[in-house]
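Asks: Quick one: structure below, then a few questions.
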Amino acid sequence: MERPHRGTQLELEIDNLAFGGQGVSRVDGLVVFVAGGVPGDRVRAVVTKAKRRYAEARLESILRPSPDRIGAACRHYGSCGGCRWQSLAYPTQLKYKERQVRESLERLGGLTDFEVRPVIGMEEPWRYRNKVEFSIGPGPEGPLVGFHPPGRWDQVLPMTECHLISPEAETVRTRVEQWIRKTGRPGWDPRSQTGYFRHLTVREGRATNELLISLATAPGELPPGLPEALLPEFPKMVGILHASNAGQAEVATALPHRVLHGRSFLFEELGGLRFKVSIDAFFQTNTEMAETLYARAAEEAGLTGHEVVWDLYSGIGSIALYLARRARAVLGIEVVGPAVEDARDNARLNGIGNATFLEGNARVVLKEVLEGRAALPPGLEKPDVVVLDPPRGGLAKKVIMRAAAARPARIVYVSCNPATMADNLKDFAEHGYRLVRVTPVDMFPHTPHIEAVGLLEPTS
Ligand SMILES: C[S@@+](CC[C@H](N)C(=O)[O-])C[C@H]1O[C@@H](n2cnc3c(N)ncnc32)[C@H](O)[C@@H]1O
């Protein structure tokens, strides 16, 4: 076959899913990625990018649907940038996620001789998100509060539903959009850097039945009346915040804010503990599966009540405090100041006296701890178990080196990105730790994302 170029029309059999979630087809040794293609589909697609080793193609029509293809639940499927896997039956999504974890560790990490436990999925894989961030942009009938179309950071889609959030969060979105339109102020246009309303964040305490929202705008006083418009319908709204974004970046967090009503945090309950979660602090977005994840991490930590545990990247202290009840003492390290304050408050709130939290970059704080320069209760400087739960970018090499230098009997690696996990575990192998087993946990149904809990032990 002649090499395809931009604009070539192809008929393709989709036979796999790539790590990012696109369908994969092979034509005469060339890999073609087709967004929206499902393994088992025969599709017609048009090449949009042609490189030497691979091509990307846009799905034009499905000539023969895969038996795993199902009707998407949401009317915005395809036009909205979220939940790309809605057209794939949930058991099939899980199968591919498990495979993705295994293949990342084998191919990217070069790891062998480890066990992959069956992926743990959700029983009811909808409306699981306890936090949502909407963008606000200009629309034909006034500002729109919603999500971006795929690849279009400068546009916001008109929206009526989202099946990943609660019906109540959907209604909050509608009411805020209605209120915004009444103010007569414009939505933000990121291209021209003009407009006023920029983002809406809605957080929920699933177990506590609390709602917290933050409306981010360009600088300038918010028109009056937002609390009055929302509180009669949502008496469980414990906080309404106005955040001010003077910058160009499309961010909704870590902005200066003013409390218009109530407080700037909510409470959530998980694993028998109560957590204070500030508006900007990281908290697992799927409360139900966070319990499963933490239970799995606790099992791998193998605690008997006598151990010292380090929890690096501890956020508001959720894993640290979950484990503290079964350990002698716990040390959490976290870079975001308000999250560390939350973690300390959470220890008090739950009557947990054996947890210490240090604020700072894990790389730097670990060095201080290893060199005996950190102010710590006695015994905490030598861990039996180290838990690592880094952001998607994974661990810095020096964190790996320092965690290994502390010589814990077990390292529990909680990852939201199998690719960086694989890379990090390759480095751990060089520092004398091998992966014993890994359990994929599906925190993000209908998206290609997957969480995994790995257990590492010393090789000698
Ligand atoms: C995936 S979250 C995990 C939080 C917590 N373990 C949980 O389950 O809720 C990663 C955390 O690492 C923090 N973080 C990011 N970079 C860091 C660094 N260099 N040093 C310490 N903490 C960092 C983030 O603020 C975030 O709270």
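Asks: Phe234 fails exactly one of the following numbered conditions: (1) away from the ligand (no atom under 14 Å from the Cβ); (2) aromatic (Phe, Trp, Tyr); (3) assigned to a strand (DSSP E or B). What is the number of that condition?
Replies: Condition not satisfied by Phe234: (3).
Asks: Still on this structure, please answer the following. Restricting to the range 216-231, count the residues that are loosely packed, with under 13 Cβ neighbours inside 10 Å and assigned to a helix (DSSP H, G or I).
Replies: Looking only at that region, the number is 1.
Asks: Among (1) in contact with a helix residue (DSSP H, G or I) (Cβ under 6 Å, 6 or more places away or on another chain); (2) away from the ligand (no atom under 11 Å from the Cβ); (3) more than 20 Å from Val116 (Cα to Cα), where does Leu435 come up short?
Replies: All conditions pass for Leu435, except number (3).
Asks: Among the residues of the range 58-106, which ones are touching a strand residue (DSSP E or B) at 6+ places or on another chain (Cβ under 9 Å), acidic (Asp, Glu) and in a helix (DSSP H, G or I)?
Replies: Hit for the range 58-106 is Glu98, nothing else.
Asks: Going by the conditions given, is Ser415 among the small types (Gly, Ala, Ser), buried (at least 23 other Cβ atoms within 10 Å of the Cβ) and either under 24 Å from Leu105 (Cα atoms) or touching a residue at least 40 places away in the same chain (Cβ under 8 Å) (or both)?
Replies: Against the criterion (among the small types (Gly, Ala, Ser), buried (at least 23 other Cβ atoms within 10 Å of the Cβ) and either under 24 Å from Leu105 (Cα atoms) or touching a residue at least 40 places away in the same chain (Cβ under 8 Å) (or both)), Ser415 qualifies.
Asks: Does the range 331-348 hold any residues that are surrounded by 16 or more Cβ atoms within 10 Å (Cβ to Cβ) and either more than 20 Å from the chain's Cα centre (by Cα) or of a type outside the set (A, V, I, L, M) (or both), and which are they?
Replies: Leu331, Gly332, Glu334, Pro338, Glu341, Asp342, Arg344, Asp345, Asn346, Ala347
Asks: From the residues in the range 415-440 that are in contact with a Ser or Thr (Cβ under 6 Å, 6 or more places away or on another chain) and not in a helix (DSSP H, G or I), which one is farthest from Val24 (Cα to Cα)?
Replies: Gly432
Asks: Within the range 29-48, is even one residue of a type in the set (Ser, Thr, Tyr), touching a Leu at 6+ places or on another chain (Cβ under 8 Å) and under 21 Å from Trp85 (Cβ atoms)?
Replies: No, the conditions are met nowhere in the range 29-48.
Asks: Take the range 343-376 and flag every residue that is in a helix (DSSP H, G or I), touching a residue at least 12 places away in the same chain (Cβ under 8 Å) and within 10 Å of the ligand (Cβ to nearest atom).
Replies: Hits for the range 343-376 are Ala343, Ala362, Arg363, Val365, Leu366.
Asks: Continuing with the same structure: Hey, can you tell me all the residues within the range 111-130 that are touching a strand residue (DSSP E or B) at 6+ places or on another chain (Cβ under 9 Å) and not small (Gly, Ala, Ser)?
Replies: Answer for the range 111-130, where residues must be touching a strand residue (DSSP E or B) at 6+ places or on another chain (Cβ under 9 Å) and not small (Gly, Ala, Ser): Leu111, Asp113, Phe114, Glu115, Val116, Arg117, Pro118, Val119, Ile120, Arg129, Asn130.
Asks: Return yes when Glu288 is of a type outside the set (Ser, Thr, Tyr), more than 8 Å from the ligand (Cβ to nearest atom), farther than 21 Å from Ala406 by Cβ and free of Cβ contacts under 8 Å to residues at least 24 places away in the same chain and no when it is not.
Replies: no
Asks: So Gln93 fits all but one of (1) in contact with a Lys or Arg (Cβ under 9 Å, 6 or more places away or on another chain); (2) buried (at least 19 other Cβ atoms within 10 Å of the Cβ); what number is the exception?
Replies: Evaluating Gln93 over (1) in contact with a Lys or Arg (Cβ under 9 Å, 6 or more places away or on another chain); (2) buried (at least 19 other Cβ atoms within 10 Å of the Cβ) leaves (1) as the failure.
Asks: Considering only residues of the range 295-313 that are within 8 Å of the ligand (Cβ to nearest atom) and more than 15 Å from the chain's Cα centre (by Cα), which is farthest from Ala329 (Cα to Cα)?
Replies: Taking the candidates together, the pick is Leu312.
Asks: Confirm whether Arg3 is closer than 22 Å to Met122 by Cα, modelled with pLDDT under 90 and in contact with a strand residue (DSSP E or B) (Cβ under 9 Å, 6 or more places away or on another chain).
Replies: No.
Asks: Here are the criteria: (1) modelled with pLDDT of 95 or more; (2) over 18 Å from Leu395 (Cβ atoms). Tell me which single one Glu300 does not satisfy.
Replies: All conditions are met except number (2).
The values are calculated or read from the model by the stated rules, or taken from the named source; none is laboratory data. Computed from a prediction, not measured in an experiment: that's the story for all the values here. In this analysis, Cβ positions are derived from the backbone assuming ideal geometry, glycine residues included, and neighbour counts consider all displayed protein chains.
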